[in-house]
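Below is one structure; the comments refer to it alone.
The values are calculated or read from the model by the stated rules, or taken from the named source; none is laboratory data. Keep in mind that this is a model prediction, so the values were computed, not measured. Cβ atoms come from the backbone with ideal geometry, glycine included; neighbour counts cover every protein chain shown.
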Amino acid sequence: MRGKFITFEGGEGSGKSTHAATLAHRLKSYGIGVELTREPGGSPGAEIIRHVLLSGAAQAFGPDAEAILFAAARADHVDTRIEPALAAGRWVICDRFTDSTRVYQGALGRVDGRLINGLQRLTIGNLMPDLTFVLDVPAETGLARAAERRGKAVADRFESETGEFHESLRAAFRALAASDPARCVLIDGSGTREEVSARIWSIVNSRLHPVTAPISLEDAAS
């Protein structure tokens, strides 16, 4: 049986990585094979492109070029990691996916929707998440969390954007969640970690029924 695909979206510091990892750990406790991954990155080729993007090296070439680089990273990620895991019956939990491209490069970067759609067809075809959580926190809260997380390290390409950018980013993610309620669930990420995790688990359990899901062939053999 094919695995389930869950993605986490949201602005900087919204808690995507934390809650993706928490969900992956909980699913594993039920004997479910899980692949926890991220974008940009998640595969050797995509991680190289991640460095280029987050360092800001591609920024001078404009949002169209950034969108193309994100697509190249995603194509490698899907082909070498996501699709094989799903085919093997494993559940894939991904920190960001194609919705981030639609928000960052599309809604905010003003990349032509025809280019965004074309890149999506080329990179993922009909592969869409079974469930997407959009974590929502005030922009200033997310930026404060991001600053605390990185410590003395330099802010990356997107964390270093203006407060206005991050407010627009939040609005764009909220609009995305509202546009596809069958797949996307908006989660208030400003509560405690335990509160947010409990809400996420409740939704996963009610929609995808992981407790009754069979383990993957790979995990059954191990």
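Below, the figures for the structure above:
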{"item": "Every pair of residues 6+ apart whose Cβ atoms lie under 7 Å, when the first sits in region 156-167 and is closer than 17 Å to Gln59 by Cα and free of Cβ contacts under 8 Å to residues at least 60 places away in the same chain while the second is of a type outside the set (Ser, Thr, Tyr) and buried (at least 16 other Cβ atoms within 10 Å of the Cβ)", "result": "Phe165/Leu108"}
{"item": "Residue satisfying condition, being at pLDDT 90 or above, more than 20 Å from the chain's Cα centre (by Cα) and assigned to a helix (DSSP H, G or I), within set Glu167, Glu195", "result": "Glu195"}
{"item": "Residue match in region 39-58 (condition: under 18 Å from Val185 (Cα atoms), within 16 Å of the chain's Cα centre (by Cα) and among the aliphatic types (A, V, I, L, M))", "result": "no"}
